[in-house]
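> Right, I'll just put the structure down here and ask away after.
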């Protein structure tokens, strides 16, 4: 991927295409080196008032005069000119990353013009009322969807004229992260845009280490948060026909951490991503120069900063190569109860500003989700806007819903939920109706509707109301399914020391009402073909380790040592290759800290093309019937060769060019 759409783009694309690479373009959609547009050199109109602005009159910037933009209609046209440079240069896909409108903004002249155009009324300060904040967020949500559609339409017209098929993707943070960081983005609505082929899920340590509250304690839960973030991104595209790619970033934007910190948290996020077996496409090593050439932490004087540890460089390359092999038909879980989902709407981003912002730690979501993850239940976030898509809810038997901190954007989602319940689903509603945003001007209280909250509308479609829950009754039967109403703010479950147990007890009862067996554990273990992904859970139902029996190689081990049995302790993550499940063909490459592609083979000779990150060490692990008589690399003998128990380890120095590795038996 080349980054940015400035005048140097064609030359940068050419340098990669000349070396045989497939080239994509990525560029920021909300900010970039877009001064030509800002200062009127593009269309003769000064657009400085389209920079996002906060209440104090400060432009929201990304450094210097690079500002987050409030996109007017000409802004999309400006992006199209830059994209045309990429199309002319031969790129095969366009990535418009991070359509972001800050909650704290909404005060610029450009935004006020868009407000009048969109609502037909004068602009209101977003913090003046919950209604104004809600309407400001809805407008922000719309504006970047409009800008992206302009570019997608442009690319589709180009495809029709040229006969090419240039694809369009949106790299974006998860809904959960944007909500917690105070950003509005189009999220699920992008899947309904013409010409959007899918997303890159920009989930990494920098997003997943954002602290949240569990059982009253605020701290980082990198693995658990990443599990929910990746799950949220997968549910953006489930049943839509779009594709999602998972970001795999071995460090993060903050340069002040140690390599030990980066490594631990990367293993957490990587493991969380591998626990989503429906996804096997990855974007690895964004900004590779900051990984393999960077020195950290920047908080130390420059002479004390350290380059990437050799063992971590090996581990990264081993894992990145293994990611090519994750499309496996055999998928088996060893975890808690399956079929449990938690509903989340894009409107999680709409209630984050004053005068009445939702919980700063997003306890309205994490108060419901974290107890399930910590108890070993692989809960899946479910995109509320997608529930009406055919088959979207087929895999779920129990769904959890709260309208504290979010609201349904359209009434049709309730029809789909009501139908799902009547077919036999268990719906658990956790809500005390205290959210002030229940009173914003919206579909449930206008155009003939007079509901005090959207929950009342949903219950009406289910044929139930307040009277069904009198006398201490919390669960009612609705045809083949059930509805449980827990009249409580879900934030409370995140604040109380026993909040996890109290919530789980409600969910157990609801599960039993539809004959869903309930099981809890202190681990997630997933088999994907010959690979086993395991995460031991701390703060869980038990502190007992799990022992896996067999013969394994831990791909997080830079030595790629063979192990008999493997113990997964609470808090530990591992990515195992099951040596008993890799087949019998010999010799066979099992793992490698370099790219290894088959070149030729004969009765006694086997040759692969190898290439890796320069100035790093390579190790290639093979299954072999015996030790080769000779190992050469571009004709020169390789001395570091070890054979034991049918396994062969070959080690050499990587180079960033293709070479021939030959084994002779």
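> For residue 116, indicate whether it is more than 30 Å from the chain's Cα centre (by Cα) and surrounded by fewer than 20 Cβ atoms within 10 Å (Cβ to Cβ). Walk me through how you get there before you give the answer.
Details: more than 30 Å from the chain's Cα centre (by Cα): yes; surrounded by fewer than 20 Cβ atoms within 10 Å (Cβ to Cβ): yes.
Yes.
> Condition first: assigned to a loop (DSSP other than H, G, I, E, B) and out of contact with any strand residue (DSSP E or B) (no Cβ under 7 Å at 6 or more places or on another chain). Now tell me which residues in region 195-215 satisfy that.
209, 210, 215 - these are the residues of region 195-215 that are assigned to a loop (DSSP other than H, G, I, E, B) and out of contact with any strand residue (DSSP E or B) (no Cβ under 7 Å at 6 or more places or on another chain).
> Something else: Mind counting the residues in region 82-128 that are more than 18 Å from residue 12 (Cβ to Cβ) and either at pLDDT below 95 or part of a strand (DSSP E or B) (or both)? I'd like the intermediate steps shown before the answer.
Within region 82-128, the subset more than 18 Å from residue 12 (Cβ to Cβ) is 98-128.
Those still in the list that are either at pLDDT below 95 or part of a strand (DSSP E or B) (or both) too: 101-102, 105.
Result for region 82-128: 3.
> Name the residues in region 482-506 that are touching a strand residue (DSSP E or B) at 6+ places or on another chain (Cβ under 6 Å) and farther than 15 Å from residue 366 by Cα, would you?
482, 483, 484, 485, 486, 506
> Oh, and also: Restricting to region 313-353, give me the number of residues that are touching a residue at least 40 places away in the same chain (Cβ under 8 Å) and within 26 Å of residue 595 (Cα to Cα). Full working, then the answer.
Here is the first cut: in region 313-353, the ones touching a residue at least 40 places away in the same chain (Cβ under 8 Å) are 313-323, 325-353.
Remaining after also requiring within 26 Å of residue 595 (Cα to Cα): 313-323, 325-331.
Of the residues in region 313-353, 18 are touching a residue at least 40 places away in the same chain (Cβ under 8 Å) and within 26 Å of residue 595 (Cα to Cα).
> Inside region 357-366, can you point out the residues that are in contact with a strand residue (DSSP E or B) (Cβ under 8 Å, 6 or more places away or on another chain) and not in a loop (DSSP other than H, G, I, E, B)?
363, 365, 366 - these are the residues of region 357-366 that are in contact with a strand residue (DSSP E or B) (Cβ under 8 Å, 6 or more places away or on another chain) and not in a loop (DSSP other than H, G, I, E, B).
> Inspect all residues belonging to region 572-589 and state whether any of them is closer than 24 Å to residue 532 by Cα, free of Cβ contacts under 8 Å to residues at least 60 places away in the same chain and touching a helix residue (DSSP H, G or I) at 6+ places or on another chain (Cβ under 8 Å).
No, region 572-589 contains no residue that is closer than 24 Å to residue 532 by Cα, free of Cβ contacts under 8 Å to residues at least 60 places away in the same chain and touching a helix residue (DSSP H, G or I) at 6+ places or on another chain (Cβ under 8 Å).
> Output the residues belonging to region 574-587 that are more than 25 Å from the chain's Cα centre (by Cα) and either within 19 Å of residue 335 (Cα to Cα) or in a loop (DSSP other than H, G, I, E, B) (or both).
If the condition is that a residue be more than 25 Å from the chain's Cα centre (by Cα) and either within 19 Å of residue 335 (Cα to Cα) or in a loop (DSSP other than H, G, I, E, B) (or both), then 578, 582, 583, 584, 585, 586, 587 are the ones that fit.
> In region 157-194, which residues are assigned to a helix (DSSP H, G or I), farther than 29 Å from residue 248 by Cα and out of contact with any helix residue (DSSP H, G or I) (no Cβ under 6 Å at 6 or more places or on another chain)?
If we filter region 157-194 for residues that are assigned to a helix (DSSP H, G or I), which is where we start, we get 157-162, 175-181, 187-192.
So of that shortlist, the ones also farther than 29 Å from residue 248 by Cα come out as 157-162.
Listed by number, the residues that qualify are 157, 159, 160, 161, 162.
> Sticking with this one: Residue by residue through region 614-661, note down the ones that are over 21 Å from residue 322 (Cα atoms), in a strand (DSSP E or B) and in contact (Cβ under 8 Å) with a residue 40 or more places away in the chain.
Scanning region 614-661 gives a single hit, 644.
> Report yes if residue 590 is over 30 Å from residue 544 (Cβ atoms), part of a strand (DSSP E or B) and within 30 Å of the chain's Cα centre (by Cα), otherwise no.
yes
> Residues that are under 22 Å from residue 316 (Cα atoms), at least 3 per element: which strands (runs of 3 or more DSSP E) completely within region 461-573 meet that?
523-528, 531-536, 546-554, 562-568
> Please go through region 36-81 and give me each residue that is out of contact with any helix residue (DSSP H, G or I) (no Cβ under 9 Å at 6 or more places or on another chain) and surrounded by 15 or more Cβ atoms within 10 Å (Cβ to Cβ), ordered by number.
Passing the criteria: 54, 60, 68.
> Next up: How many residues, within region 258-279, are assigned to a loop (DSSP other than H, G, I, E, B) and out of contact with any helix residue (DSSP H, G or I) (no Cβ under 8 Å at 6 or more places or on another chain)?
Number satisfying all stated conditions: 2.
> Return only the number of the condition from (1) within 17 Å of residue 231 (Cβ to Cβ); (2) touching a helix residue (DSSP H, G or I) at 6+ places or on another chain (Cβ under 8 Å) that residue 394 does not satisfy.
(2)
> Further question: Return the residues of region 216-237 that are buried (at least 22 other Cβ atoms within 10 Å of the Cβ) and in a loop (DSSP other than H, G, I, E, B); say none if nothing qualifies.
The answer is 221, and nothing else.
> Sticking with this structure for a sec: For the subset of region 28-58 comprising residues that are touching a residue at least 40 places away in the same chain (Cβ under 8 Å), closer than 19 Å to residue 81 by Cα and part of a helix (DSSP H, G or I), which member is nearest to the chain's Cα centre (by Cα)?
Within region 28-58, the match that is nearest to the chain's Cα centre (by Cα) is 50.
> Which residues, counting only those in region 289-312, are exposed (fewer than 14 other Cβ atoms within 10 Å of the Cβ), part of a helix (DSSP H, G or I) and touching a residue at least 24 places away in the same chain (Cβ under 8 Å)?
310
> Among residues belonging to region 432-456 that are buried (at least 19 other Cβ atoms within 10 Å of the Cβ) and in contact with a helix residue (DSSP H, G or I) (Cβ under 6 Å, 6 or more places away or on another chain), point out the one that is nearest to residue 404 (Cα to Cα).
Across region 432-456, the extreme among qualifying residues is 437.
> What pairs can you find where one residue is in region 391-407 and at pLDDT below 95, the other is surrounded by fewer than 24 Cβ atoms within 10 Å (Cβ to Cβ), and their Cβ atoms are less than 6 Å apart, with a gap of 6+ or different chains?
391/239; 392/239; 392/386
The values are calculated or read from the model by the stated rules, or taken from the named source; none is laboratory data. Keep in mind that this is a model prediction, so the values were computed, not measured. Neighbour counts run over all protein chains shown; Cβ positions are idealised from the backbone, glycine included.
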